[in-house]
Amino acid sequence: MEALENWKEEKRSAYLYRAIAEIEKNPIHKKLFFDLSKMADRQAAIWEKPLQMDQIPLPGQYNPDLRVRVIIQLVKWLGVRSLRVALAALKIRGMSIYQAAELGHSDAIEHKHRHLNQSNNLRAAVFGVNDGLISNTSLILGIAGAHAGNHLILLSGIAGLLAGACSMGAGEYVSVRSQRDMLEYQLELEKNELDLYPEEEAAELALIYEARGLPMDEARRVAHLLIQDPDKALDTLAREELGINPNELMSPWGAAISSFLSFALGAFVPVLPFLVSQSSLNLSITIGLVLFSLFTVGAVLSLFTQRSAVWSGLRMLLIGTLAGSLTYMIGGVFR
């Protein structure tokens, strides 16, 4: 029954390609998806032969299920670019045309992409610290606003740190694991198709290159040249058809540990004074530490926004102050 499932999958792809082509306003993209729909129909025809040999009847026509209908409706509302991850999961190729990547992955471009990914990881870590800082400070100020003692404030702060860090880590693990599973499935699917019908895969790749502005003859030449090397072909198909880099799949555990530690680091700052002493000045010291930390985090974030470090620091200071003040007042009102 594997052949029947593959036939249905190709027919579903053809149906989606045609639906996207009708929605697309860009004439180049429209032509690409119409051409890809024809390719998918041809690949479905390849699967009809073993089905006929096994005397397995084919459905009269492909009828889209609820998931496909919902995706198409969302594409109509939000556009293809916004739904490209969901479409890739449904075996829709050519999503890389909606990204800024250029044809031909030179060493210079790869070097730039690696630095971009490292920058994104650093930015995510800074945001994790900021989340822990603001959320746990707000929790502590809410408890302090209810006139709780140092012991209860410390207990609440540690509970907030652990609960928030575990929640962030678990959420990040599930998110990255799900994304990685989907990408690994797509890569395995691409590898199998490359083994079964390399010429059709080369034709799909040529259509994508043509949509990017390469003359069709040159696009076909480049595509057939790349397909001859299986490893290079899979890497190229993943980039150009799926819009992913197989060498940069994130580790779920790495993402979870990073989120846990960055949140815990930020959440530890407001807890520190209550952890080292029982002074009546602990709350004031905490506020001072947090204000300094908020300004520092805002200034660091300016590295990614190209805005003034002072302005970014003051903005983060204002946001954190509003959040903390609100929870302090709520704690005072409800005790």
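Return only the number of the condition from (1) in contact (Cβ under 8 Å) with a residue 12 or more places away in the chain; (2) out of contact with any Lys or Arg (no Cβ under 9 Å at 6 or more places or on another chain); (3) farther than 30 Å from Phe295 by Cα that Pro215 does not satisfy.
Exception for Pro215: condition (1).
Kindly list, by first and then second residue, each pair from a residue in segment 75-96 that is closer than 19 Å to Lys30 by Cβ to a residue that is acidic (Asp, Glu), limited to pairs with Cβ atoms under 7 Å and residues at least 6 apart or on different chains.
From segment 75-96, the pairs are Val80/Glu24; Arg93/Glu204; Arg93/Glu241; Gly94/Glu241; Ser96/Glu240; Ser96/Glu241.
Taking Ser312 as the residue in question, decide whether it is among the hydroxyl-bearing types (Ser, Thr, Tyr), more than 28 Å from the chain's Cα centre (by Cα), farther than 18 Å from Ile143 by Cβ and surrounded by 15 or more Cβ atoms within 10 Å (Cβ to Cβ).
no
Determine the pairs where a residue that is in contact (Cβ under 8 Å) with a residue 24 or more places away in the chain and over 17 Å from Gly142 (Cα atoms), located within segment 265-282, has a partner that is open to solvent by less than 70 Å² (accessible area, probe 1.4 Å) and in a helix (DSSP H, G or I) with Cβ atoms under 6 Å apart, the partner being 6 or more residues away or on another chain.
Close Cβ pairs satisfying both conditions: Leu265/Val129; Gly266/Val129; Gly266/Gly132; Gly266/Leu133; Gln278/Asn150.
Which residues, taken from segment 302-335, are at pLDDT below 85, more than 30 Å from Gly149 (Cα to Cα), in contact with a Gly (Cβ under 9 Å, 6 or more places away or on another chain) and not hydroxyl-bearing (Ser, Thr, Tyr)?
Ala309
Which members of segment 146-157 meet the condition of being assigned to a helix (DSSP H, G or I) and surrounded by fewer than 21 Cβ atoms within 10 Å (Cβ to Cβ)?
Asn150, His151, Leu152, Leu154, Leu155, Ser156, listed by residue number.
Within segment 154-195, which residues are modelled with pLDDT under 90 and over 27 Å from the mean Cα position of the chain (by Cα)?
Residue satisfying the conditions is Asp195 alone.
Among the residues of segment 79-91, how many are over 17 Å from the mean Cα position of the chain (by Cα) and modelled with pLDDT of 85 or more?
Qualifying residue count, segment 79-91: 1.
Anything in segment 164-180 that is farther than 11 Å from Ile257 by Cα and of a type in the set (A, V, I, L, M)? List them, or say none.
Across segment 164-180, the qualifying residues are Val174, Val176.
Go through (1) open to solvent by less than 60 Å² (accessible area, probe 1.4 Å); (2) closer than 17 Å to Ala148 by Cα; (3) of a type in the set (Val, Ile, Thr) and name the single condition Thr296 misses.
(2)
Kindly list the number of the only condition in (1) over 22 Å from Ala255 (Cα atoms); (2) open to solvent by 30 Å² or more (accessible area, probe 1.4 Å); (3) free of Cβ contacts under 8 Å to residues at least 40 places away in the same chain; (4) of a type in the set (A, V, I, L, M, F, W, C) that fails for Ala163.
Condition (1) is where Ala163 drops out.
I'd like to verify a number: residues in segment 259-278 that are crowded, with 20+ Cβ neighbours inside 10 Å and either touching a strand residue (DSSP E or B) at 6+ places or on another chain (Cβ under 7 Å) or among the small types (Gly, Ala, Ser) (or both), how many?
Of the residues in that region, 5 qualify.
Would you pick out the residues in segment 283-293 that are in contact (Cβ under 8 Å) with a residue 40 or more places away in the chain, among the polar types (S, T, N, Q) and open to solvent by 20 Å² or more (accessible area, probe 1.4 Å)?
Listed by number, the list holds a single entry, Ser293.
Could you please let me know if Pro252 is touching a Lys or Arg at 6+ places or on another chain (Cβ under 8 Å), in contact (Cβ under 8 Å) with a residue 24 or more places away in the chain and within 17 Å of Gly128 (Cα to Cα)?
yes
The values are calculated or read from the model by the stated rules, or taken from the named source; none is laboratory data. All figures in this text were calculated on a predicted structure; none of them were measured in a lab. Ideal geometry is used to build each Cβ from the backbone, glycine not excepted, and the neighbour counts take in all protein chains shown. Each accessible area value is taken on the protein alone, full model and side chains, heavy atoms only, with ligands, DNA and RNA left out. Shrake-Rupley method; radii C 1.70, N 1.55, O 1.52, S 1.80 Å.
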